[in-house]
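Colleague: Before we start, here is the structure in question, set down as structure tokens.
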């Protein structure tokens, strides 16, 4: 029973999701599924946040649960990130689908169950549970992308993502099988003990970890596993893009964090001489380069955010590369970054939903021209989101990047250079983030040009207020949240 | 480590060699006398008609997915049934949870019309 309460954020989503399915199927009248799902996600968020503040490391749970699902502060922290991101996406979907006459209750249910899968993935302490969470999350996302059945781009995006995603899942599974073969256990603790005790064949462990890393790198769209991201993000509906770019990425990163800190256990096994930090650093550098340089030539805002997502995956990987030197600081920085990125990207895509209406959807940067002059207040959240993604104080993104690069600088050596490259490429990213702000506030549409017309809908406004509050609050008083992230990260090292 | 698997590798090698020998022997030694009749695709003796590019109804997909779900259910139920005394109440509760989840999805699929071939 205590275990059910301790896992309340997950149990709420699963039980609530099943009930909403029944209500949707059997109700005599049309049900407002978007409202039900956002309420449920909000409840899950409150419970997760409450657990994080009140009792982040419950004790006395049966081993049958904790062997498979970690119940710790890190888990509650990732629950908070994932429910926040899913909530913003649901609210945005509530407006978007109705405005564009695409309303279907299935999409909210898929979103809810996908979030549940993401939370399982982020908490998984066993490779099999991890895989089940990964697939629960991914399969629902494929369905959500393909939901616009008669749109060729959406089908193309779904097919590409599905095929490549299945390959990535197979590669991950192959890695997991190798790890099992080398160590004789599927739980992360068992794998760690076998490696520490020297019972495992080093070559097999190495191969297994490389394959699992490749699987994760695909899910977070880190270069060179990023090829699917721009097309998939562009083809999906805006709220779905928001969901994919935040929930999927954050859950996969959280799981990678658990596997890496768990399997390697003590920082000695992650020492640069083993080659791991260098490998991760190479992935990080490549992602930052590809993301930031790729976004420069894009006009479509979803594609810009896809490349920006690749770049941000690179920044987070900088934190992963410095785990060996400053494990606790780097973990806290990574967790904090999730929250900042979720707020920034979620807010940007919610704003994009709000800027468009039927037939006049905001797609390219040119569609936003002059919007800030006509609707100064409505355009503000987009500007805040861009500044946060760029990393300008006082927004969440500034402190998120500061903590990450600080950790890398403390690690020294090539990691300090990596941090420097990150800062330099952040400056480059100013070009495409600020171009959107300039389009909003500092330019006028050409005579007779077709511009996006904002919709009138309450859901998305709620998402924008919530997202803006999060981004600004994280930027104004980062201390509180960093302390929470530090507390959450500590649980991973024992 | 590799020496332990040597017989396995040998067997794989022998299998490849045997297959190659039989296949090339048939290709090179067999008599060839093709007629138009022989070159048509064989379809249970009847003349083949139409193209092969027929789009199957998407309903087959839904039926197949539902079949897989309940097939997997059976796969889980059998091992559970054989040891359910040892698993006790915990095992019963877990299996009931699983069945309830499946039951809800079945009810959903049913009500949404996934089981009706013609709507």
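Colleague: Which of the residues spanning the stretch B:69-95 are within 12 Å of chain A (Cβ to nearest Cβ) and surrounded by 13 or more Cβ atoms within 10 Å (Cβ to Cβ)?
Modeller: The answer is B:87, B:91, B:94.
Colleague: Taking the residues in the stretch B:1-41 that are within 14 Å of chain A (Cβ to nearest Cβ) and not in a helix (DSSP H, G or I) as candidates, determine which candidate is farthest from residue B:51 (Cα to Cα).
Modeller: This residue is B:1.
Colleague: Can you go through A:185, A:165, A:143, A:181 and tell me which one is within 25 Å of residue A:65 (Cβ to Cβ) and in contact with a helix residue (DSSP H, G or I) (Cβ under 7 Å, 6 or more places away or on another chain)?
Modeller: That would be A:185, the only listed residue that is within 25 Å of residue A:65 (Cβ to Cβ) and in contact with a helix residue (DSSP H, G or I) (Cβ under 7 Å, 6 or more places away or on another chain).
Colleague: Separate question: Can you tell me which residues in the stretch B:99-115 are farther than 26 Å from residue B:77 by Cα and touching a helix residue (DSSP H, G or I) at 6+ places or on another chain (Cβ under 9 Å)?
Modeller: Of everything in the stretch B:99-115, just one residue is farther than 26 Å from residue B:77 by Cα and touching a helix residue (DSSP H, G or I) at 6+ places or on another chain (Cβ under 9 Å), namely B:112.
Colleague: So residue A:298 clears everything in (1) assigned to a loop (DSSP other than H, G, I, E, B); (2) surrounded by 24 or more Cβ atoms within 10 Å (Cβ to Cβ); (3) at pLDDT 90 or above except one condition, right? Which one?
Modeller: Condition (2) is where residue A:298 drops out.
Colleague: Taking residue B:49 as meeting all but one of (1) within 30 Å of residue B:118 (Cβ to Cβ); (2) surrounded by 10 or more Cβ atoms within 10 Å (Cβ to Cβ), write down the number of the exception.
Modeller: Checking residue B:49 against (1) within 30 Å of residue B:118 (Cβ to Cβ); (2) surrounded by 10 or more Cβ atoms within 10 Å (Cβ to Cβ), the one that fails is (2).
Colleague: Taking the stretch A:203-215, which residues are modelled with pLDDT of 90 or more and buried (at least 23 other Cβ atoms within 10 Å of the Cβ)?
Modeller: Residues satisfying the conditions are A:212, A:213, A:215.
Colleague: Could you grab me the full set of residues in the stretch B:96-118 that are at the interface with chain A (Cβ under 10 Å from one of its Cβ atoms) and in contact (Cβ under 8 Å) with a residue 12 or more places away in the chain?
Modeller: Within the stretch B:96-118, B:105, B:109 meet the criteria.
Colleague: Okay, moving on. What do you reckon, is residue B:66 at pLDDT 85 or above and either within 14 Å of another protein chain (Cβ to nearest Cβ) or more than 27 Å from residue A:1 (Cβ to Cβ) (or both)?
Modeller: Considered against the rule, which asks whether it is at pLDDT 85 or above and either within 14 Å of another protein chain (Cβ to nearest Cβ) or more than 27 Å from residue A:1 (Cβ to Cβ) (or both), residue B:66 comes out as yes.
Colleague: Take the stretch A:31-60 and flag every residue that is within 14 Å of chain B (Cβ to nearest Cβ) and outside any helix (DSSP H, G or I).
Modeller: A:31
Colleague: Looking at residue A:4, is it in a helix (DSSP H, G or I), within 14 Å of chain B (Cβ to nearest Cβ), without any contact (Cβ under 8 Å) to a residue 12 or more places away in the chain and out of contact with any strand residue (DSSP E or B) (no Cβ under 9 Å at 6 or more places or on another chain)?
Modeller: Considered against the rule, which asks whether it is in a helix (DSSP H, G or I), within 14 Å of chain B (Cβ to nearest Cβ), without any contact (Cβ under 8 Å) to a residue 12 or more places away in the chain and out of contact with any strand residue (DSSP E or B) (no Cβ under 9 Å at 6 or more places or on another chain), residue A:4 comes out as yes.
Colleague: While we're on this one: Within the stretch A:423-438, is even one residue over 30 Å from residue A:75 (Cβ atoms), part of a loop (DSSP other than H, G, I, E, B) and either in contact with a helix residue (DSSP H, G or I) (Cβ under 6 Å, 6 or more places away or on another chain) or free of Cβ contacts under 8 Å to residues at least 60 places away in the same chain (or both)?
Modeller: There is no residue in the stretch A:423-438 that is over 30 Å from residue A:75 (Cβ atoms), part of a loop (DSSP other than H, G, I, E, B) and either in contact with a helix residue (DSSP H, G or I) (Cβ under 6 Å, 6 or more places away or on another chain) or free of Cβ contacts under 8 Å to residues at least 60 places away in the same chain (or both).
The values are calculated or read from the model by the stated rules, or taken from the named source; none is laboratory data. It should be emphasised that the depicted structure is a prediction, and the values quoted were computed from it without experimental measurement. Using ideal geometry, Cβ is built from the backbone for each residue, glycine included, and neighbour counts are taken over all protein chains shown.
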